[in-house]
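Read through the structure below, which is laid out as structure tokens, and then see the notes.
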Amino acid sequence: MRSITAINRSELRILLIQIREEASTRQEELESFARFSGLSVEQFRILNLFDVIGDSSKEGAQDGTEDSSAELDLAVLEGIDAVYVGGSSEASVMQPQQYPFVPSTEALLRHCIEIKLPVFCSCFGHQLAAQALGVEIVRDEADFEMGTLPISLTDAAAKDPLYRDTPDNFMAVSVHRERAVAVPAGCTALAYTSACNHSFKVDGAPFWTTQFHPEVSMSILIKRLTIFKDKYTDGDDHLQKVLDSAVETPESNGLLKKFVDRVLIGGEGRD
């Protein structure tokens with residue numbers, strides 16, 4: 001972690017924690033986070049959890065517990081100004097035996113809170129952070145959120161560095177079968193739908209989460225759902241219905257640049 005001094009945008013270095021196996025989605029996610037943050041892809045260091053610790057259900061793993069005690073080296077944070085955690089259509093925070101990177105990444109996120117390293121967690125990252133802070137995650141086999149939908153803001157959002165000028169009921173991309181049942185203790189709820197909390201900030205630390213995807217636009221949603229349609233839809237007709245109802249999500253996409261401008265460069269929200 002670098003000291004908090006005046007940092008120019010071009011000097012920022014971001015650690016992007018990915019939980020992706022599909023090659024084109026890995027690259028698209030990196031490019032999307034960079035684009036909506038107003039940064040270049042060269043400013044990102046990638047830590048793909050499947051590459052580092054892996055999936056213990058795959059051939060060669062031993063009894064599904066091969067790496068269950070593996071830890072992430074905290075050296076990955078050296079020279080880093082912030083950590084992003086992306087989404088995943090190929091893992092579950094509810095299955096740490098199959099995905100042994102889950103507990104080790106939770107420990108890394110708790111360490112980031114302790115040292116007050118800025119963090120932004122999206123979708124899978126939101127669930128990972130919530131679970132790391134003691135909240136139960138549940139899975140919806142049916143009637144889960146999918147597509148673009150309006151996100152409501154709490155009263156606390158009016159004073160938050162990222163949300164203070166974001167309109168209520170802004171549109172965002174949300175595709176997830178799993179969700180946190182509550183907001184962790186010591187955190188402030190910022191956004192929600194009737195189904196679940198969609199955003200919280202850790203009190204006293206520059207650590208934000210979103211269940212929705214601020215790094216995903218309508219066009220990216222179309223690409224991702226087409227790739228992962230078997231995981232989320234009941235066939236081509238269902239997929240087309242979701243895509244036909246999709247709209248642009250500029251307010252959601254703007255949150256990442258606010259995180260860079262106001263938190264990483266401007267120093268807001270660190271206390």
Item checked: Checklist (1) among the acidic types (Asp, Glu); (2) under 23 Å from Ala23 (Cα atoms); (3) at pLDDT 95 or above applied to Glu136, failing item -> (2)
Next item on the list: Kindly indicate whether any position in region 154-166 is hydroxyl-bearing (Ser, Thr, Tyr) and under 20 Å from Ile19 (Cα atoms).
Entry: no
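Looking at this structure, is Pro214 closer than 28 Å to Asp81 by Cβ and either at pLDDT below 95 or touching a Ser or Thr at 6+ places or on another chain (Cβ under 9 Å) (or both)?
yes
Restricting to region 1-34, give me the number of residues that are of a type in the set (D, E, K, R), within 25 Å of Ala91 (Cα to Cα) and either modelled with pLDDT of 95 or more or in a helix (DSSP H, G or I) (or both).
Qualifying residue count for the region: 4.
When the residues of region 169-188 are filtered to those that are of a type in the set (A, V, I, L, M) and out of contact with any Asp or Glu (no Cβ under 8 Å at 6 or more places or on another chain), which remaining residue is surrounded by the most Cβ atoms within 10 Å (Cβ to Cβ)?
Taking the candidates together, the pick is Val173.
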Check: Quick one: is Ala191 at pLDDT 95 or above and surrounded by fewer than 13 Cβ atoms within 10 Å (Cβ to Cβ)?
Finding: no
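Looking only at region 136-160, how many residues end up being among the small types (Gly, Ala, Ser), open to solvent by less than 50 Å² (accessible area, probe 1.4 Å) and either more than 15 Å from Asn253 (Cα to Cα) or within 16 Å of the chain's Cα centre (by Cα) (or both)?
Going through region 136-160 one residue at a time, the tally reaches 3.
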Next item on the list: Can you give me the number of residues within region 198-212 that are open to solvent by 10 Å² or more (accessible area, probe 1.4 Å) and not in a strand (DSSP E or B)?
Entry: 2
Next item on the list: Report yes if some residue within region 241-258 is modelled with pLDDT under 95 and either among the basic types (Lys, Arg) or closer than 30 Å to Glu114 by Cα (or both); otherwise report no.
Entry: yes
Next item on the list: Take Ala191 and decide whether it is free of Cβ contacts under 8 Å to residues at least 40 places away in the same chain and in contact with a Leu (Cβ under 8 Å, 6 or more places away or on another chain).
Entry: no
Item checked: Qualifying residue in region 161-168 (condition: open to solvent by less than 40 Å² (accessible area, probe 1.4 Å), touching a Lys or Arg at 6+ places or on another chain (Cβ under 6 Å) and not in a helix (DSSP H, G or I)) -> yes
Notebook entry, point to check: Being open to solvent by 30 Å² or more (accessible area, probe 1.4 Å) and within 16 Å of the chain's Cα centre (by Cα), is that true of even one residue in region 124-135?
Noted result: yes
Margin query: Checking Met146 against (1) modelled with pLDDT of 95 or more; (2) farther than 22 Å from Asp203 by Cβ: exactly one of these is not met. Which one?
Written below: (1)
Notebook entry, point to check: What do you reckon, is Ala195 in contact with a Lys or Arg (Cβ under 7 Å, 6 or more places away or on another chain) and under 28 Å from Val76 (Cα atoms)?
Noted result: no
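The values are calculated or read from the model by the stated rules, or taken from the named source; none is laboratory data. Only a predicted model underlies this, so the values are computations on that prediction, with no experimental measurement involved. Because the Cβ atoms are built from the backbone with ideal geometry, glycine has one as well, and the counts that use them run over all protein chains shown. To get the accessible areas, we keep the full protein, side chains included, count just its heavy atoms, and leave off ligands, DNA and RNA. Shrake-Rupley method; radii C 1.70, N 1.55, O 1.52, S 1.80 Å.
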